[in-house]
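Colleague: If you scroll down you'll find the structure; I have some questions about it.
The values are calculated or read from the model by the stated rules, or taken from the named source; none is laboratory data. As the structure is a computational prediction, the values presented were derived from the model and not from experiment. Methodologically, a virtual Cβ is constructed for each residue, glycine included, from the backbone with ideal geometry; neighbour enumeration extends over all protein chains shown.
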Amino acid sequence: MGPLAVTQILALISLTVALDNGLLKTPPMGWMAWERFRCDIDCKDDPENCISEDLFRDTADRLAEDGWKELGYEYIIVDDCWMSMLRDEHGRLQPEPSRFPGGIAKLARYIHDRGLKLGIYADMGTHTCMGFPGTTLDKIEIDAQTFASWGVDYLKFDGCYSNPVEQILGYPRMSKALNATGRPMAYSCSLPVYVGGLPPNVNYSFLGDICHLWRNYYDIQDSWDSVQGIIEWFSNNQDDLQPAAGPGRWNDPDMLIIGNFGLSVDQARSQMALWAIMAAPLIMSNDLRNLDNSARAILQNKVAIAINQDPMGIQGRRLLQEKNRIEVYWRPLSHSASALVFLSRRTDMPYLYHTSLAKLKYDAGNYEAYDVFTGSTVTGLNATTQLTFSINPSGVVMWYIYPEKQSRQRETLHYQNKKASQLTSHKAKPGHLTVL
Ligand SMILES: *[C@@H]1O[C@H](CO)[C@@H](O)[C@H](O)[C@H]1NC(C)=O
Ligand SMILES: *[C@@H]1O[C@H](CO)[C@@H](O)[C@H](O)[C@H]1NC(C)=O
Ligand SMILES: *[C@@H]1O[C@H](CO)[C@@H](O)[C@H](O)[C@H]1NC(C)=O
């Protein structure tokens, strides 16, 4: 039996996709404006980058035409700064007419016509974080109805300019109001960020009952420092956060910044790898009209995406923090498979890390592994096989690993699964892995 092709691995992972149509049974995937485009409202001097319907239409075209949609990147999410400073004569929010002359309902149709979904932004409070009209308690129902009437599919509900009492009343009330519209909408809650992100201030089991996902921690910025800080906070608090996640309820460490200015290729792979391990939403914030090929390859890595979208929806954990500044992350996956990520927090040179599956608490038995970023496959592993990885500074090695006895079964599954067999295979690059 030869090593498995990537198509066979994908076939195996995709076979158990949940059948019921509940929302966000796997983490949402898509694109959001904020990290890259912020509150740029200067359409006169910066028409390409300002928050306007053109930006969202252009991005919808790219998602639909450049292979993103087929991979699952389906939500296109407007963040702050889309609104007019005034509600209309009926008290409804309205878009700023100079930047959204067609209105949101028309933009939603444009996006739906391309097989995509529209997300929008509002804020529980007197103002949005950037000072646009907020959604006070008395405005929750009318705003939910307005969004539904426009054909919105996802709401990010921020929490600037409100107090904890308003927040604890407002977030569940919006959940009810969205449900009452009869239009299925995904609901992203920023509540945890505003109350410290941890129990006892946040009851994650309650939050999971009312929201599909939630922002736990500070906004991501375009730097490796920011990505590292987020990974560290989520891992340091994984005992509280990891059990909160599952199908329909996700921790959100914030957007993917891959393709912008702050990350090297290794760091971009590290963000993709850790977001897959953490079962995090894969919501890019970048300029899809101008994306280099290495960023595209990382964001479109089918096995990293399949790991992120595993139907069991179990968030992974940091297993080890070594004195040598190598960290090991692990996520259990369907069909007795798992993902391992070896992250280097070093700043010197590629580091040779020695380990074995037994040291990582794997059971005795025979395994095979697929190296997610090089495309090489490693066969004939058992728990005591000595493994040596060369891990670049601030980079990762990421493995999809599965018991060897499943190989034959997997090949059969492959031929049954048309969808996965249409996916093209990764081009194998020289491996940075040796098995001694
Ligand atoms: C509203 O909530 C009920 C009960 O959880 C659920 O069955 C239904 O699908 C929800 N409807 C919408 C539109 O969210
Ligand atoms: C958290 O919320 C759940 C409801 O989802 C409730 O059963 C539980 O008692 C709450 N825990 C605390 C500590 O308040
Ligand atoms: C595990 O694999 C190594 C080679 O990597 C081999 O020497 C050893 O005998 C194997 N152990 C078992 C229990 O199969």
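Colleague: Is it the case that Ser394 is at pLDDT 50 or above and not β-branched (Val, Ile, Thr)?
Modeller: yes
Colleague: Taking the residues in region 290-307 that are free of Cβ contacts under 8 Å to residues at least 12 places away in the same chain and part of a helix (DSSP H, G or I) as candidates, determine which candidate is surrounded by the fewest Cβ atoms within 10 Å (Cβ to Cβ).
Modeller: Asn293
Colleague: Could you list, in sequence order, all residues of region 251-297 that are touching a helix residue (DSSP H, G or I) at 6+ places or on another chain (Cβ under 8 Å) and of a type in the set (Val, Ile, Thr)?
Modeller: Those that are touching a helix residue (DSSP H, G or I) at 6+ places or on another chain (Cβ under 8 Å) and of a type in the set (Val, Ile, Thr): Ile257, Ile258, Val265, Ile277.
Colleague: For residues that are touching a residue at least 60 places away in the same chain (Cβ under 8 Å) and either within 28 Å of Val165 (Cβ to Cβ) or not in a loop (DSSP other than H, G, I, E, B) (or both), scanning just region 219-230, find the one that is farthest from ligand 2 (Cβ to nearest atom).
Modeller: The residue in question is Trp224.
Colleague: Let me ask something else about it. Every residue in region 315-333 that is surrounded by fewer than 17 Cβ atoms within 10 Å (Cβ to Cβ) and either among the charged types (D, E, K, R) or in contact with a Pro (Cβ under 9 Å, 6 or more places away or on another chain) (or both), please.
Modeller: Selection gives Glu322, Lys323, Arg325.
Colleague: Hey, could you check region 235-276 for residues that are of a type in the set (A, V, I, L, M, F, W, C) and in a loop (DSSP other than H, G, I, E, B) and say which is surrounded by the fewest Cβ atoms within 10 Å (Cβ to Cβ)? Show your work before the answer.
Modeller: The first filter runs over region 235-276 and keeps only residues of a type in the set (A, V, I, L, M, F, W, C), leaving 241, 244-245, 250, 255-258, 261, 263, 265, 268, 272-276.
Filter once more, keeping what is in a loop (DSSP other than H, G, I, E, B): 245, 255, 257-258, 261, 263.
Details: Ala245: 22, Met255: 27, Ile257: 25, Ile258: 26, Phe261: 9, Leu263: 23.
Checking each candidate, the answer is Phe261.
Colleague: Quick check on my filter: what residues within region 182-218 are closer than 12 Å to Asn251 by Cβ, surrounded by fewer than 21 Cβ atoms within 10 Å (Cβ to Cβ), of a type outside the set (A, V, I, L, M) and more than 16 Å from ligand 2 (Cβ to nearest atom)?
Modeller: Passing the criteria: only Tyr217.
Colleague: Go through Gly115, Gly119 for me and flag whichever is small (Gly, Ala, Ser), assigned by TED's automatic domain parsing to the domain that holds Arg36 and farther than 22 Å from Asp254 by Cα.
Modeller: Working: Gly119 fails: farther than 22 Å from Asp254 by Cα.
Sole residue among the options that is small (Gly, Ala, Ser), assigned by TED's automatic domain parsing to the domain that holds Arg36 and farther than 22 Å from Asp254 by Cα: Gly115.
Colleague: On to the next question. Which residue pairs have Cβ atoms under 6 Å apart, sit 6 or more places apart or on different chains, and have a first residue in region 380-402 that is more than 16 Å from ligand 1 (Cβ to nearest atom) and a second that is at pLDDT below 95 and assigned to a strand (DSSP E or B)?
Modeller: Qualifying pairs under 6 Å: Thr388/Thr434; Phe389/Leu433.
Colleague: Out of Asp287, Asp310, I need the residue that is crowded, with 24+ Cβ neighbours inside 10 Å and among the acidic types (Asp, Glu). Which one?
Modeller: Among Asp287, Asp310, only Asp310 is crowded, with 24+ Cβ neighbours inside 10 Å and among the acidic types (Asp, Glu).
Colleague: Scan Asp363, Asp371 and give me the residue that is at pLDDT 95 or above and buried (at least 21 other Cβ atoms within 10 Å of the Cβ).
Modeller: Residue meeting the stated conditions: Asp371.
Colleague: What is the residue count in region 50-61 for residues that are crowded, with 18+ Cβ neighbours inside 10 Å and in contact with a Leu (Cβ under 9 Å, 6 or more places away or on another chain)?
Modeller: The qualifying residues number 4.
Colleague: Considering each of Tyr154, Tyr171, Tyr161 in turn, give the residue that is farther than 19 Å from Gly91 by Cα and surrounded by fewer than 18 Cβ atoms within 10 Å (Cβ to Cβ).
Modeller: The conditions single out Tyr161.
Colleague: Quick check on this structure: which one of Glu35, Glu74 is touching a Pro at 6+ places or on another chain (Cβ under 9 Å), under 20 Å from Leu256 (Cβ atoms) and either modelled with pLDDT of 95 or more or not assigned by TED's automatic domain parsing to the domain that holds His127 (or both)?
Modeller: Values: Glu35 fails: touching a Pro at 6+ places or on another chain (Cβ under 9 Å).
The conditions single out Glu74.
Colleague: Hey, among Ile111, Ile120, which residue is in a helix (DSSP H, G or I) and either in contact (Cβ under 8 Å) with a residue 24 or more places away in the chain or surrounded by fewer than 17 Cβ atoms within 10 Å (Cβ to Cβ) (or both)?
Modeller: Working: Ile120 fails: in a helix (DSSP H, G or I).
Sole residue among the options that is in a helix (DSSP H, G or I) and either in contact (Cβ under 8 Å) with a residue 24 or more places away in the chain or surrounded by fewer than 17 Cβ atoms within 10 Å (Cβ to Cβ) (or both): Ile111.
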